[in-house]
Amino acid sequence: MGKPGRRDANHGDQVKHTRPTDLSVRPSACPGLLRIVQAKDGGICRIKLPCGRLSAVQARAVAAAASVHASGLIEATNRSNLQVRGVRAGAELALIEALLAAGLGADTPSADDVRNLMVSPLAGLDPSALVDISPLAEQLLALLQGKPHLHALSPKFALLLDGGEAMAMLDHPHDIWLAAMGRSEDALFAFGLAGCPPQAKDDAPALAAVRRAQVPALVEALLDLFLELATPEQTRMRHLLANYPEGDLLLRLQQRLALPLLPAGEWRRAAPRPFAHLGICDGRHVGGAPALGRLDSTQLSALAELADTYGDGSLRLTPWQSVLLPNTGDAAACLGAMQALGLSTDAREPLARLIACTGSAGCAKGLADTKADALALVPLLPAGAVAHLSGCPRSCAAAHVAPLTLLAAGPGRYDLYQRGGAGFGRLLARDLSIQEAGERLAASPDTWSSTP
């Protein structure tokens, strides 16, 4: 599993790596801070942020490095990270060194790939949360970085730690997910594999539960079990489950744990608040989404200034490809300033409800210019509809299945899907232009109005 030198077949960009000569970085098609992967529009450098958190000083450093060594284009990802696009040939080492100098690297080079722990952007700040999972998140990040054998995990292998916050992304499947079941200091945490915390009656239930203090030992045992059982081709937990049923894995897990695995019963996670990442939350946290997840270096620098002026000098990236400025003293003024920068702060804005991948303008796999087509869809998108434009079936911009998906069939042409069933969902129409897709949605609100 995850042996160095394995190519990640799920990533479509060309595999050409650039790294400092004194750092050991395994080859992969997945970008990292130390591994710049080439795409049609230049190199991609992905910066993995611990729990999505970034200081204003670091934000300015990213903006400056992107402006000097790349195109100045910065993307917020659906894993609460940032990536710099258009890295110039010959400037790769200078970019990496600037980011490392800003403290954006892992404790050791080989640990950069495995810092894939998602938490709520409001972790530690939400008074309605069941548990403040921040200390537990620090323990898990230290585990991932501090155990060298865990660095063999795929750069895509991901964990979710949920404290029951009102602002939470629960639709992204994770290799391992954990969620608080109660409010006590010794609260139980339910867990599951290759999926999401159950919210609806028909969702797959949790496998079992452990006490809060036992979560790190559970995660370490699960990761060790995965690495022992998985073949080199089985890079994700869903691959392993194809050979080992959940009951088998649970039995093997219990045999190596000194702690008892407890039943989770019919526990279901309460639904988070829709679009809570936009606007003012709890009177002091302010969120906004850059158009289609893209910031330029000037916008990121300006957001850092807002964080210093109105907030606590920090930014939190979200899995909705947006930015949250926590603990602002004048939330209304901060909101207005964010709007002036061109960020969407209201779910009623069409751009706040559109997702689009890089598309053919920047990716060799893209069959259509999804970013440009998404902008053309903006005036046609019916109020309330949420849509995802994907240039190919890999769905890089959305880890979850969107209510509506426009899957590129060629330049300017899309197949329309509605969520439900396997893959992108139920096929509604083939080979539509953007104009035709907008007209179809406007004429048939039943295709999207009942979706979450």
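The values are calculated or read from the model by the stated rules, or taken from the named source; none is laboratory data. Since we're looking at a predicted model, the values are computed, not measured. Glycine gets a Cβ as well: all are built from the backbone with ideal geometry, and neighbour counts include every protein chain shown. Quick note on the areas: whole protein, heavy atoms, side chains included, nothing else; ligands and nucleic acids left out. Shrake-Rupley method; radii C 1.70, N 1.55, O 1.52, S 1.80 Å.
If the viscosity is 0.890 mPa s and the temperature 25 °C, what Stokes-Einstein diffusion coefficient in µm²/s follows for region 50-99 when Rh is the Kirkwood radius over Cα pairs?
The Stokes-Einstein estimate is 220 µm²/s.
I want the local charge near Pro127. Using Cβ-Cβ distances under 14 Å, sum +1 for each Lys or Arg and -1 for each Asp or Glu among the other residues.
That works out to -1.
For Glu165, Glu305, what's the largest-to-smallest order of accessible area, 1.4 Å probe?
Glu305, Glu165
Using only the heavy atoms of the protein chains and a 1.4 Å probe, how would Arg268, Arg430, Arg211 rank by accessible area, largest first?
Numbers: Arg268 110, Arg430 150, Arg211 90 Å².
The ranking, largest first, comes out as Arg430, Arg268, Arg211.
Treat every Asp and Glu Cβ in region 273-430 as -1 and every Lys and Arg Cβ as +1, leave all other atoms uncharged, and give the resulting dipole magnitude about the Cα centre to the nearest 20 debye. Walk me through the numbers on the way to the answer.
Details: 13 positive and 11 negative charges, 163 e Å.
With Lys and Arg at +1 and Asp and Glu at -1, about 780 debye.
Rank Lys156, Lys201, Lys40 by accessible area, highest first, at a 1.4 Å probe radius?
Working: Lys156 55, Lys201 170, Lys40 120 Å².
Solvent-accessible surface, decreasing: Lys201, Lys40, Lys156.
With unit charges on the beta carbons (Lys and Arg positive, Asp and Glu negative) and the dipole taken about the Cα centre of the chain, which residue among Leu416, Ala168, Gly329 sits farthest to the positive side?
Leu416
Name the long-range amide H neighbours of Ser80: under 5 Å, sequence gap of 5 or more, or other chain; modelled H, no Pro or chain starts.
When sequence neighbours closer than 5 places are left aside, the close amide H contacts are Gln321.
Give me a comma-separated list of calculated 3J(HN,Hα) values for region 113-129, in order, Karplus coefficients 6.51, -1.76, 1.60 applied at θ = phi - 60°, integers in Hz, x for any Gly or Pro.
5, 9, 7, 10, 10, 9, 10, 5, x, 9, 4, x, 10, 8, x, 8, 5
My understanding is that a pair violates if its Cα-Cα distance is over 25 Å; which of Lys48/Lys371; Lys48/Lys201; Lys147/Lys365; Lys201/Lys371; Lys40/Lys147 do that in this structure?
Lys48/Lys201; Lys147/Lys365; Lys201/Lys371; Lys40/Lys147
What is the dipole size for region 230-334, taken about its Cα centre, with +1 at each Lys and Arg Cβ and -1 at each Asp and Glu Cβ, in debye to the nearest 20?
Details: 10 positive and 10 negative charges, 91 e Å.
With Lys and Arg at +1 and Asp and Glu at -1, about 440 debye.
If you take the charge dipole of region 352-452 about its Cα centre, with +1 on Lys and Arg Cβ and -1 on Asp and Glu Cβ, which of Gly366, Ala429, Leu380 is farthest toward its positive end?
Gly366
Determine the sum of side-chain charges near Cys196: Lys and Arg each +1, Asp and Glu each -1, restricted to other residues whose C-beta is under 13 angstrom from that of Cys196.
-2
What figure in square angstrom, to the nearest 10, would you give for the accessible area of Lys48 with a 1.4 Å probe?
Ignoring ligands and nucleic acids, Lys48 comes out at about 10 Å².
Is region 25-121 best put as rounded, prolate or oblate by its Cα gyration tensor, with a ≥ b ≥ c the root eigenvalues, rounded for a/c under 1.5, and otherwise prolate when a/b is larger than b/c, oblate when not?
Rounded, since a/c falls under 1.5.
Of all the accessible heavy-atom surface of the chain, with the other protein chains kept in place and a 1.4 Å probe, what percent is carbon and sulfur?
54
Compute the Cα gyration tensor for region 374-424, then decide on rounded, prolate or oblate, letting a ≥ b ≥ c be the square roots of its eigenvalues: rounded whenever a/c is under 1.5, prolate when a/b is larger than b/c in the other cases, and oblate in all that remain.
oblate
Taking square-rooted eigenvalues a ≥ b ≥ c of the alpha carbon gyration tensor, is the chain rounded, prolate or oblate, where a/c under 1.5 means rounded and, failing that, a/b exceeding b/c means prolate?
Here the chain falls in the rounded category.
Of the DSSP beta bridges with both residues in the chain, give the percent that are antiparallel, rounding to the nearest 5. Could you put the intermediate results ahead of the total?
Values: 48 of 61 bridges.
Antiparallel bridges: around 80 percent, rounded to the nearest 5.
At 1.4 Å probe size, with no ligands or nucleic acids counted, give the accessible surface of Glu233 in Å², nearest ten.
Accessible surface of Glu233 is approximately 140 Å².
Find which of Ala158, Ala442, Thr345 sits farthest along the positive direction of the dipole of the chain, computed with +1 on the beta-carbon of Lys and Arg, -1 on that of Asp and Glu, about the Cα centre.
Ala158
With each label point set 7 Å from Cα along the Cα-Cβ vector, what nm distance links Asp171 and Ala333?
Taking the simple label geometry, Asp171 and Ala333 are separated by 3.6 nm.
Roll a 1.4 Å probe over the protein chains and send me the accessible area per residue for the chain in Å².
39
Taking the Cα centre of the chain as the origin, how large is its charge dipole in debye, to the nearest 20, when only Lys and Arg (+1) and Asp and Glu (-1) carry charge on their Cβ atoms?
About 840 debye.
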